[in-house]
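The block underneath contains the structure these notes are about, expressed in structure tokens.
The values are calculated or read from the model by the stated rules, or taken from the named source; none is laboratory data. Predicted model only: the values in this text are computed from it and were never measured. Here the Cβ positions follow ideal geometry from the backbone for every residue, glycine too, while neighbour counts run over all protein chains shown.
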Amino acid sequence: MVEIERLPTGVPGFDKLVQGGIPRGFFVAVVGEPGTGKTIFSIHFIAEGIRQGDKNIYVTTEESRESIIKQAAMFGFDFEKAIRDGRLVVIDALMGRRDDPWSLQELDVETLVNKVIEAKKYLGYGRARLVVDSMSAFWLDKPAMARKYSYYVKRVLYRWDFTALLISQYAVTTSLGFGFGIEHVADGIIRFRKSIVRGELRRYVIIEKMRQTEHSLQMHEIEIRNGSGMRVKAPTVYRKEDTTLPPSVAARMLAAELQKLLEVPDSESEA
Ligand SMILES: Nc1ncnc2c1ncn2[C@@H]1O[C@H](COP(=O)(O)OP(=O)(O)O)[C@@H](O)[C@H]1O
Ligand SMILES: [Mg+2]
């Protein structure tokens with residue numbers, strides 16, 4: 001038996017889908033459309049890191065630091081205290097305030113990587129968790145660079161004992177440009193989905209890839225509740241009406257899928 005150290009995510013019901021957690025040192029892509037639960041999943045992952053005494057870094061590009069702290073507090077996680085105690089750094093890449101040492105002045109990957117290393121040095125030696133929410137922000141104006149940048153981030157950061165969630169923010173309509181950077185270099189892919197079933201929004205998670213893991217192959221419904229946060233519920237039986245999309249959107253998705261098939265995953269072999 002090969003023993004693998006795994007980091008629990010802190011999301012009830014999730015860890016048993018991946019044999020107990022995410023293998024230490026993995027770079028995992030967390031993908032999905034807006035509002036599917038990527039940020040909340042990441043907040044749980046960091047809260048669990050705080051609980052376990054890991055060093056934690058959360059890079060936020062789409063919300064301010066205050067917004068992340070507030071969202072965490074809604075689920076009973078005291079991020080402010082963790083920051084004060086030197087167990088968490090939230091790097092704010094949205095506000096970019098000059099008087100704030102933990103902010104990013106530029107949205108480029110080199111600046112990101114350097115700041116993350118600085119934060120890791122500040123937090124000190126030891127097992128660390130990193131969330132970049134989202135990576136897409138770093139190649140908004142140059143989507144063709146997505147894969148190269150993802151590879152760079154993994155190659156440089158991998159020596160620093162991070163287990164990382166790299167979030168890829170993509171809408172169906174833009175998946176052609178944004179979706180396929182991180183996935184090619186990732187050790188795992190966790191996909192969040194949503195659909196409207198009989199007039200109600202439902203959210204799901206499926207693990208598309210997790211190296212060295214006999215992971216669940218089923219789509220599970222998830223629930224997000226005030227006070228407690230995210231929870232994974234029972235597996236879902238795939239029904240056509242759960243995921244039916246307007247024809248124009250479906251056509252764009254198909255085009256994106258074809259594009260994916262045409263891409264040669266060359267960075268995979270470099271990684
Ligand atoms: N306190 C809360 N109670 C219940 N649901 C919440 C709460 N906060 C956020 N949500 C739900 O979570 C959603 C946002 O999830 P989020 O993880 O930010 O999505 P993503 O990062 O994928 O865009 C909201 O649209 C809402 O449905
Ligand atoms: Mg988000």
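Listed values, structure above:
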read-out	value
Scope the range 180-217; condition modelled with pLDDT of 95 or more, more than 14 Å from the chain's Cα centre (by Cα) and surrounded by 15 or more Cβ atoms within 10 Å (Cβ to Cβ); matching residues	ARG202, ARG203, TYR204, THR213, HIS215, SER216
Subset of the range 145-169 (residues that are hydrophobic (A, V, I, L, M, F, W, C), farther than 15 Å from LYS121 by Cα and outside any helix (DSSP H, G or I))	ALA164, LEU165, LEU166, ILE167
Segments classed as helices (runs of 4 or more DSSP H), wholly inside the range 1-114, with at least 3 members that are within 16 Å of ligand 2 (Cβ to nearest atom) and either within 17 Å of ILE207 (Cα to Cα) or in contact (Cβ under 8 Å) with a residue 24 or more places away in the chain (or both)	38-52, 65-73
Every residue from the range 55-85 that is among the polar types (S, T, N, Q) and under 22 Å from TYR122 (Cβ atoms)	ASN56, THR60, THR61, SER64
